[in-house]
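Take a look at the structure below.
The values are calculated or read from the model by the stated rules, or taken from the named source; none is laboratory data. Predicted, not measured: the structure shown is a model, and the values here were computed from it. So basically every Cβ, Gly included, is an ideal-geometry build from the backbone, and we count neighbours across all protein chains shown.
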Amino acid sequence: AAKAAGKSAWRTCTPELRESAVSRAELIADLRRAVDEGQLLMEFQPIVDLATGTVRSAEALVRWRHPRLGVLPPARFLPLAEETGLILAIDRWVIHEACRSAATWRERAPEVTVAVNIAAAHLCRPDLIATVTGAMGAAGLPPRALTLELTESALIEGSEAVLDRLAQLRDLGIRIAIDDFGTGYSSLSYLHRIPATELKIDRSFVSRLDAGDARAYATVEMVNRLAGAFDLAVVAEGVETGEQHAAVTAIGCRQGQGWRYGRPAALSELLPTLAPADVAR
Ligand code: C2E
Ligand code: MG
Ligand code: MG
Ligand code: MG
């Protein structure tokens, strides 16, 4: 309590910080209503096959249409959601919404899967499996059409129970991706214990490829080779330029995601990109 009091006393020292503290409290109050009042929205970003350009999957990315502040990116509200536990309600909404959307686009493009980010807090919950299978069941989505994305740090905090839960999900046929790979602190010895099916190479490495950064190149190459040895698929994240596309392709990555292939967008914008036959007409 002393620590908390000291912290807030310090906060009131400068007007700027006080203001941000107030808006933070307001934001938390607003966030409590956001899910119930339908203020969350979903965007989808394509994950493409690098050789053909075909869309293989789409990642669901949440946004918050705040009544006064406009559309906020996840970085503006997910940290608050995690601190307050609201992340569980948000993730549940996201999983349901993502499964429903995927079921819709699979009527047009039956092979295209959906990827959903799962917060660390959610991994620790025994009801994660029920939440995920419930959402798939309600949408009529088969397990092989769903990838759960987890970060290394979330996995490291995880106990045996977490690894067990993930193994159960994978045994159901759901895919498990390690997101932002290379930015966490996982030791390589940890990798074989995680029941993953794919690695997503973090944007921070990919973005340095076209500057001729030999270390970034070696890192992406190493991760790609490592993934091969572990029988994991690879997605290069954050591909923005033609040079980056050429580099990740030359290295041998099979899939890519980034502005070069498509920005996150509403389902209605994603749909036409999934039906090349229609587009060509
Ligand atoms: P992430 O899972 O690594 O998602 C990729 C992020 O990179 C997205 O940011 C996406 O818009 C951005 N991105 C994709 N391609 C490019 C590119 O070429 N250049 C650049 N500069 N950025 C690119 P976004 O949507 O702001 O999401 C940020 C993070 O928030 C996500 O990182 C994920 O960790 C988290 N997040 C997003 N939606 C959810 C959600 O529904 N639930 C949970 N638990 N976390 C989420
Ligand atoms: Mg992700
Ligand atoms: Mg990522
Ligand atoms: Mg990332």
Identify the residue in the range 126-182 that is closer than 30 Å to Val220 by Cβ and among the small types (Gly, Ala, Ser) and, among all such residues, is nearest to ligand 3 (Cβ to nearest atom). Ala177
Ser153 fails exactly one of the following numbered conditions: (1) in a helix (DSSP H, G or I); (2) touching a Lys or Arg at 6+ places or on another chain (Cβ under 6 Å). What is the number of that condition? (2)
Test each condition in (1) more than 13 Å from the chain's Cα centre (by Cα); (2) loosely packed, with under 14 Cβ neighbours inside 10 Å; (3) within 16 Å of ligand 2 (Cβ to nearest atom) for Ala75 and report the one that comes out false. (1)
Does any residue of the range 123-133 turn out to be touching a residue at least 60 places away in the same chain (Cβ under 8 Å) and small (Gly, Ala, Ser)? no
From the option list Arg92, Arg108, single residue qualifying as over 30 Å from Thr54 (Cβ atoms) and either surrounded by fewer than 19 Cβ atoms within 10 Å (Cβ to Cβ) or out of contact with any strand residue (DSSP E or B) (no Cβ under 9 Å at 6 or more places or on another chain) (or both) is Arg92
Can you confirm whether Arg125 is within 14 Å of ligand 1 (Cβ to nearest atom), out of contact with any Cys (no Cβ under 6 Å at 6 or more places or on another chain) and over 20 Å from Gln45 (Cβ atoms)? yes
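Condition check ((1) surrounded by fewer than 19 Cβ atoms within 10 Å (Cβ to Cβ); (2) without any contact (Cβ under 8 Å) to a residue 12 or more places away in the chain; (3) part of a strand (DSSP E or B); (4) more than 16 Å from ligand 4 (Cβ to nearest atom)) across all residues:
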site: Tyr190; (1), (2), (3), (4): yes, no, no, yes
site: Lys200; (1), (2), (3), (4): no, no, yes, no
site: Phe205; (1), (2), (3), (4): no, no, no, no
site: Arg215; (1), (2), (3), (4): yes, yes, no, yes
site: Glu221; (1), (2), (3), (4): yes, no, no, yes
site: Gln244; (1), (2), (3), (4): no, no, no, no
site: Ala250; (1), (2), (3), (4): yes, yes, no, yes
site: Leu270; (1), (2), (3), (4): no, no, no, yes
In the range 176-210, what count of residues is obtained for those that are over 14 Å from the mean Cα position of the chain (by Cα), under 11 Å from Leu155 (Cα atoms) and of a type in the set (Val, Ile, Thr)? 1
Can Ala103 be described as more than 16 Å from ligand 2 (Cβ to nearest atom), at pLDDT 95 or above and closer than 22 Å to Ala34 by Cβ? no
Counting only residues that are of a type in the set (S, T, N, Q) and not in a helix (DSSP H, G or I), which one in the range 156-185 is farthest from ligand 1 (Cβ to nearest atom)? Ser159
Selection status of Gln39, within 16 Å of ligand 4 (Cβ to nearest atom) and of a type in the set (S, T, N, Q): no
Looking only at the range 201-222, count every residue that is under 20 Å from Leu188 (Cα atoms) and more than 16 Å from ligand 2 (Cβ to nearest atom) and tell me the total. 8
For Val234, indicate whether it is at pLDDT 95 or above, in a helix (DSSP H, G or I), buried (at least 19 other Cβ atoms within 10 Å of the Cβ) and touching a strand residue (DSSP E or B) at 6+ places or on another chain (Cβ under 8 Å). no
